[in-house]
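To start, the structure itself, in structure tokens.
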Amino acid sequence: MGRVMGDDPFEAIVAAHHGEIHRYLARVTARASDADDLSQETFLRAFRAHRALPASANVRAWLFAIATNLYRNHIRGEVRRRRALAAASTDGSAADPGWPEGLAMVKEASARVERVIAELPLKQRLAFTMRKIHELDYEAIGETLHCSGESARAHVFQALRKIRRGLDDLAGVPTESPR
Amino acid sequence: MSRTHSSCRDIEAELVAVGTGEAPPATVQVVEAHVAGCAPCRDELRQYRALEGLVADVRRVPLPGTDPALARAELEARLADLRRRLVTFGIFSSPLGPILIARSAEGVSMVEYLESRVAAASRLAHLVGLDAVEDEAETEGLYRDLLDYLHGRRTRLDWPIDLRLASSDFQRRVLQVTSRLPYGAVTSYAHVAREIGAPTAVRAVAQALRWNPVPIAIPCHRVIGSSGDLTGYAGNKITLKQRLLTLEGVPIAARRALQIERRAMYVRYLAEGEYCLPTCGALESTPLAQLTLFGSRARAEAAGLAPCTDCRPDLHPISA
């Protein structure tokens, strides 16, 4: 038999990127079970589609784009569900936006940053996470969010300003001048 | 906030860029020059730099409650399942017309003569339980093998075969026996029926071969009627059967039907280790159900047979 059936380049893609995509989704969903489901779905979709990917494609950015799209669809579904539940019931807990709880951080300062990040508008939060946590370049982030690299950069800078302002009145960041 | 100068507002974006380490050297210079004389902006810059440190902490701190290893294991299980079901296929032009070749992780699962691409799509839609994805690159190597075969440059397609598309164990047994028929040889449906231990199931064998999912690679074209007629092939494509057999050196004549030239072929009786002249002993009147016929001595010997020591086909070959 001259040919080995079943040697699959996709295995290398999973090995190289699953950990990071899972971390990314865990961070943006702030719920481990959502991260498990969405990362699994990300790679199952990628598996079906990766044959059509040009050899020159940035696989990592492509995976981030799939994961981000799935997450955004997921939130839309969540919002719809929450609204439906809230309309059907006067029980406040049903309308409780469940995320971003569960991010009990070991370090207090970074926990504060996490809290401020969680309050950011969606696009800024995603752009910030991809840039500052996963260090994707702006072009890739732009493709993921269906905007230009420049817009992606603007989202990240907006996020940085808001985070800095959010931390402004907290004592964790040393300042030169008293205010 | 006391950053009220217009120069402070102008420089704000650059200041963020410098603070987070993303600014080019020229911008760094401009910002450094500004903050040297502006305490509030200096403070601002310091805070952005401190923020970078906090973000680095966020990056390092593991996320609570997540188990990527478990998630990975679950993903691998789903992928394994998907891989088992996934079939990739390509559609190619061949001397026998457009042809579809499909393979799974386990082997070649389908070779199909096509009337059109539309026919291909509808055929694939019927592959229940299988995910089918078009991928010419995955199947192109198989296509090249096939072209070599059809141009006589090779006599075997040593492909791993995936018989999950076979409809029953009976069909799988028929296909397995058929796959052992050597190049350049023919035998009858009755012989195959005998080989699988169901000597009366001749029609069922013919049906099983009619729906052979991997023709050519499983050489059902080497199985003919007991009368020597070629009978059917892949429905009504009997001329393809003729072409494939002619390629292998099997003599065929057009009489009332397309028929092999039994008198021009060497003969193996049942599973004996020798091949004979067609006139040896009672072979002329022996039913095809007990025989395998070869188009040439070379083919018989390539199948591992020795010349019969009675009729000596090596000394008295059939004259053309």
Query raised in the report: Looking at (1) within 24 Å of B:Leu209 (Cβ to Cβ); (2) within 10 Å of another protein chain (Cβ to nearest Cβ); (3) in contact with a Gly (Cβ under 8 Å, 6 or more places away or on another chain), which is the only condition B:Leu100 fails?
Result: (2)
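Output the number of residues of segment B:147-183 satisfying the condition of being in a loop (DSSP other than H, G, I, E, B) and within 14 Å of chain A (Cβ to nearest Cβ).
Applying the first criterion (in a loop (DSSP other than H, G, I, E, B)) to segment B:147-183 yields B:151-160, B:162, B:166-168, B:180-183.
Retained after the next criterion (residues that are within 14 Å of chain A (Cβ to nearest Cβ)): B:154, B:156-160, B:162.
Adding up the residues that qualify gives 7.
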Query raised in the report: Is it true that some residue in segment B:46-69 is over 30 Å from A:Ala32 (Cβ atoms), in the same structural domain as B:Val16 (by TED's automatic domain parsing) and not in a helix (DSSP H, G or I)?
Result: no
Report task. Go over the candidates B:Arg164, B:Arg172 one by one and state the one that is under 25 Å from B:Ile101 (Cβ atoms), surrounded by fewer than 17 Cβ atoms within 10 Å (Cβ to Cβ) and modelled with pLDDT under 95. Result -> B:Arg164
Report summary line: The lone condition A:Arg51 fails out of (1) more than 7 Å from chain B (Cβ to nearest Cβ); (2) in a helix (DSSP H, G or I); (3) farther than 17 Å from B:Leu70 by Cα; (4) not β-branched (Val, Ile, Thr) is (1)
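Could you please give the count of residues in segment B:84-112 that are among the polar types (S, T, N, Q) and more than 16 Å from B:Ile218 (Cβ to Cβ)? Walk me through how you get there before you give the answer.
Quick first cut of segment B:84-112, residues among the polar types (S, T, N, Q) only: B:88, B:93-94, B:104, B:109.
From what is left, the residues that are more than 16 Å from B:Ile218 (Cβ to Cβ) are B:88, B:93-94.
The qualifying residues number 3.
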Report summary line: Within segment B:36-87, residues β-branched (Val, Ile, Thr) and at the interface with chain A (Cβ under 7 Å from one of its Cβ atoms) come out as B:Val55, B:Val58, B:Val61, B:Thr66
Query raised in the report: Taking into account only those residues within segment B:182-225 that are closer than 17 Å to B:Gln259 by Cβ and among the hydrophobic types (A, V, I, L, M, F, W, C), which is farthest from the chain's Cα centre (by Cα)?
Result: B:Ala190
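Does B:Val267 qualify as being buried (at least 20 other Cβ atoms within 10 Å of the Cβ) and under 20 Å from B:Phe170 (Cβ atoms)?
Numbers: buried (at least 20 other Cβ atoms within 10 Å of the Cβ): yes; under 20 Å from B:Phe170 (Cβ atoms): no.
No; evaluated as a whole, the condition is false for this residue.
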Report task. Just need a number here: residues in segment B:290-320 that are over 24 Å from B:Thr246 (Cβ atoms) and surrounded by 15 or more Cβ atoms within 10 Å (Cβ to Cβ). Result -> 4
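Residues checked against (1) at pLDDT below 90; (2) more than 24 Å from B:Glu74 (Cα to Cα); (3) exposed (fewer than 14 other Cβ atoms within 10 Å of the Cβ):
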| position | (1), (2), (3) |
| --- | --- |
| A:Val14 | no, no, no |
| A:Leu25 | no, no, no |
| A:Arg31 | yes, no, no |
| A:Phe43 | no, no, no |
| A:Phe64 | no, no, no |
| A:Arg72 | no, no, no |
| A:Ser89 | yes, yes, yes |
Report summary line: Among B:Leu82, B:Leu86, the single one that is surrounded by 17 or more Cβ atoms within 10 Å (Cβ to Cβ) and on the phi < 0 side of the Ramachandran plot is B:Leu86
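Does A:His18 satisfy the criteria of being assigned to a helix (DSSP H, G or I), facing another protein chain (nearest Cβ under 9 Å) and in contact with an Asp or Glu (Cβ under 8 Å, 6 or more places away or on another chain)?
On the way: assigned to a helix (DSSP H, G or I): yes; facing another protein chain (nearest Cβ under 9 Å): yes; in contact with an Asp or Glu (Cβ under 8 Å, 6 or more places away or on another chain): no.
Taking the combined requirement at face value, the residue does not satisfy it.
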Report task. Note down all Cβ pairs under 6 Å where the first residue falls in segment B:263-288 and is touching a residue at least 12 places away in the same chain (Cβ under 8 Å) and assigned by TED's automatic domain parsing to the domain that holds B:Ser188, the second is in a helix (DSSP H, G or I) and surrounded by fewer than 14 Cβ atoms within 10 Å (Cβ to Cβ), and they're at least six residues apart or on different chains. Result -> B:Pro278/B:Arg263
Query raised in the report: Just a yes or no: is a residue in segment B:244-254 at positive phi and small (Gly, Ala, Ser)?
Result: yes
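Which one is nearest to B:Leu288 (Cα to Cα), of the residues in segment B:212-247 that are aliphatic (A, V, I, L, M) and either without any contact (Cβ under 8 Å) to a residue 12 or more places away in the chain or in a loop (DSSP other than H, G, I, E, B) (or both)? Give the steps one after another, and end with the answer.
Taking segment B:212-247 and keeping what is aliphatic (A, V, I, L, M), we get B:214, B:216-218, B:223-224, B:230, B:234, B:238, B:240, B:244-245, B:247.
Now drop any that are not either without any contact (Cβ under 8 Å) to a residue 12 or more places away in the chain or in a loop (DSSP other than H, G, I, E, B) (or both), which leaves B:214, B:216-217, B:230, B:234.
Working: B:Val214: 25, B:Ile216: 22, B:Ala217: 23, B:Leu230: 13, B:Ala234: 22 Å.
In this case the residue turns out to be B:Leu230.
Just checking, how many residues over segment B:226-241 are of a type in the set (D, E, K, R) and within 21 Å of the chain's Cα centre (by Cα)?
Going residue by residue through segment B:226-241, those that are of a type in the set (D, E, K, R) are B:229, B:237, B:241.
This time we only want the ones that are within 21 Å of the chain's Cα centre (by Cα), so: none.
Of the residues in that region, 0 qualify.
The values are calculated or read from the model by the stated rules, or taken from the named source; none is laboratory data. As the structure is a computational prediction, the values presented were derived from the model and not from experiment. All Cβ positions, even for glycine, are placed from backbone atoms using ideal geometry, and neighbour counts span all protein chains on display.
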